[in-house]
Amino acid sequence: MSTIRLSAAEIAARLAAGDVSSADVTQAHLDRFAEVDGDLNAFLALDAEGALATARDVDARRAAGETLHPLAGVPIAVKDVVAHLVADPATDP
């Protein structure tokens, strides 16, 4: 089953159980974003490299036995609806 239809709690449980990696879950969500955002234009900017780097870091910390927050490794999206007070190279030409 694809992780893109799971709740955050379900993803967290699978991560904690070692059934999936944060990097794989994050990549699945990035792939879905790429599939649908052309029609939705839901976000102004996406940091895929940063998201995957963070996911890999969480995976490494989990593998090392570090105690993590229950939601560590669960992908999130923060909607960019707040007006930018400073020029943002991702949105300003």
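For (1) aromatic (F, W, Y); (2) open to solvent by 60 Å² or more (accessible area, probe 1.4 Å); (3) over 17 Å from A77 (Cα atoms), each residue gets a yes or a no:
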position: S22; (1), (2), (3): no, no, no
position: T26; (1), (2), (3): no, no, no
position: G38; (1), (2), (3): no, yes, no
position: G50; (1), (2), (3): no, no, no
position: D57; (1), (2), (3): no, yes, yes
- Starting from the stretch 33-54, take each residue that is polar (S, T, N, Q) and list its partners that are at pLDDT 95 or above and surrounded by 14 or more Cβ atoms within 10 Å (Cβ to Cβ), counting only C-beta distances under 9 angstrom and pairs at least six apart or across chains. T54/S22; T54/T26; T54/G73
- Message: Within the stretch 5-22, does at least one residue satisfy the condition of being more than 21 Å from L68 (Cα to Cα) and out of contact with any strand residue (DSSP E or B) (no Cβ under 8 Å at 6 or more places or on another chain)?
- Response: yes
- First in the stretch 15-27 and among the small types (G, A, S), second anywhere and in a loop (DSSP other than H, G, I, E, B) and surrounded by 18 or more Cβ atoms within 10 Å (Cβ to Cβ), Cβ under 7 Å, 6 or more apart: S22/G73
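The values are calculated or read from the model by the stated rules, or taken from the named source; none is laboratory data. Quick caveat: nothing in here was measured; it's all calculated off a predicted structure. Neighbour counts run over all protein chains shown; Cβ positions are idealised from the backbone, glycine included. The area values use the complete protein model at the heavy-atom level, side chains included, leaving out ligands, DNA and RNA. Shrake-Rupley method; radii C 1.70, N 1.55, O 1.52, S 1.80 Å.
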